[in-house]
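Step one of this worksheet: look at the structure below.
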Amino acid sequence: MKEEEVLNLAKKFEFNANEAFPLKDEASGREYWRISSETESKILCYLNPSKGNHGDFIKISESLLANNVDAVKVFHHDEKMGVTIQEDLGDEDLIKIFNDDNKDSLIKKSLDLLVSIQQSNIEKISKFSIEELRNQMNLFKASFCKDFLNIDPDKSLDRLIDSVCSNIQNQSWKNCHFDFERRNLILNKHGTISVIDYQDMRIGPIGIDLSGILVDHYYPYEENNVKEYLCYYADISGTKDISYLFEALKWGCIQRNLRILGTLTDLYVSQNRKFRLKDLPLILENTIAISSDENFITDFFEEILHALKLKMSSL
């Protein structure tokens, strides 16, 4: 949309904004705009109704807020227009403000928030099936390997995906944000962390969200560092078995990373969207590192890493 269109939409919801600024791009196709008047600002979110709706986001928002979780207040919604007017939580997302001095505090606050989400009572939330989680990883084979890199998948990849499915099925399943990473966490004016973009929340394996915050897509994977924060999570969640938590995180991380690598390259191949392509090499390197002790990493994985770096240099 253009700024004039956004301002006109805001007026239809009786918010007389005089400025509108585009915010972050999302794989979901949602457009976020900050709309500002002389006295306040709000967020307008637009999603083409032919591509989806805001129903799940609104339902989950209400449940999280009712459980005292720092989430997003939705003031107005028009299903036919595909528009919501939401609370403006500010610009202090953890991607922007994260540094060596505040890292420890912000990660622990994020884990506190994660436990609150996992323990919330969210009505009528659906549960992932193992087949859904498998199909998400299969997109890595189809889009990332074949379509993006023009490489035929090795059988070791099928064995890895089978092992992921087997292991995540046996870990604890709770409310799962499904993209619990620094991009979707905001330090609000109260000094606590608010969560956003939770429209895909389902009941899922705990390792997916744990890996989202502890196996960062923007830093190399460090096992000792991850295990230190798992100790903190163990204390606040009441799950004392660190070995169990690490295994849950590891398999959740592999599922999450294969899914994201496949999704991001599918967006590029099918829609020519270069959304976050620059993140691909580190995501793949972290996936290789965390799964290396399972004897699934063969020359094939080094082959696709080399091919990926060549591909990225040509874009």
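Quick notes on this one:
- Residues (over 22 Å from the mean Cα position of the chain (by Cα) and open to solvent by 60 Å² or more (accessible area, probe 1.4 Å)) located in the range 76-91: 76, 77, 79, 80
- Taken over the range 152-210, residues that are free of Cβ contacts under 8 Å to residues at least 40 places away in the same chain, charged (D, E, K, R) and assigned to a loop (DSSP other than H, G, I, E, B) amount to 3.
- Top-ranked residue of the range 14-31 - restricted to ones that are assigned to a loop (DSSP other than H, G, I, E, B) and modelled with pLDDT of 90 or more, ranked as most open to solvent (accessible area, probe 1.4 Å): 16
- Residue satisfying all of: in the range 259-315; within 21 Å of residue 156 (Cβ to Cβ) and not in a helix (DSSP H, G or I); most open to solvent (accessible area, probe 1.4 Å) among these: 295
- Residue ID - nearest to residue 112 (Cα to Cα), chosen from residues in the range 70-98 that are among the basic types (Lys, Arg) and in a loop (DSSP other than H, G, I, E, B): 73
- Of the residues making up the range 48-69, those that are surrounded by 20 or more Cβ atoms within 10 Å (Cβ to Cβ) and either assigned to a loop (DSSP other than H, G, I, E, B) or more than 21 Å from the chain's Cα centre (by Cα) (or both) are 54, 69.
- Matching residues, the range 125-151, being in a helix (DSSP H, G or I), aromatic (Phe, Trp, Tyr) and within 18 Å of the chain's Cα centre (by Cα): 140
- In the range 110-152, the residues that are over 21 Å from residue 181 (Cβ atoms) and β-branched (Val, Ile, Thr): 130, 151
- Filtered residues of the range 99-119 (kept if closer than 21 Å to residue 71 by Cβ and either open to solvent by 60 Å² or more (accessible area, probe 1.4 Å) or of a type outside the set (S, T, N, Q) (or both)): 106, 107, 108, 109, 111, 112, 113, 114, 115, 117, 119
For (1) modelled with pLDDT of 95 or more; (2) over 18 Å from residue 233 (Cβ atoms), each residue gets a yes or a no:
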| position | (1), (2) |
| --- | --- |
| 160 | no, yes |
| 164 | yes, yes |
| 174 | yes, no |
| 187 | yes, yes |
| 193 | yes, no |
| 198 | yes, yes |
| 203 | yes, yes |
| 212 | yes, no |
| 215 | yes, no |
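- Residue 122 vs. criteria outside any helix (DSSP H, G or I) and either under 30 Å from residue 166 (Cβ atoms) or open to solvent by less than 30 Å² (accessible area, probe 1.4 Å) (or both): yes
- Some residue of the range 215-233 being in contact with a strand residue (DSSP E or B) (Cβ under 8 Å, 6 or more places away or on another chain), under 24 Å from residue 308 (Cα atoms) and either assigned to a strand (DSSP E or B) or open to solvent by 20 Å² or more (accessible area, probe 1.4 Å) (or both): no
- The set of residues in the range 212-264 being within 25 Å of residue 135 (Cβ to Cβ), small (Gly, Ala, Ser) and in contact (Cβ under 8 Å) with a residue 60 or more places away in the chain consists of 248, 252, 262.
- Condition check for residue 129: open to solvent by 40 Å² or more (accessible area, probe 1.4 Å), without any contact (Cβ under 8 Å) to a residue 60 or more places away in the chain and among the hydroxyl-bearing types (Ser, Thr, Tyr): yes
- Looking across 167, 138, 175, 184, one residue alone is among the polar types (S, T, N, Q), under 19 Å from residue 291 (Cα atoms) and surrounded by 19 or more Cβ atoms within 10 Å (Cβ to Cβ). It is 167.
The values are calculated or read from the model by the stated rules, or taken from the named source; none is laboratory data. Because the structure is a prediction, the values reported are computed rather than measured. Quick reminder, even Gly has a Cβ in these numbers, built from the backbone with ideal geometry, and neighbours come from all protein chains shown. The accessibility values were calculated without ligands, DNA or RNA, using every heavy atom of the protein model including side chains. Shrake-Rupley method; radii C 1.70, N 1.55, O 1.52, S 1.80 Å.
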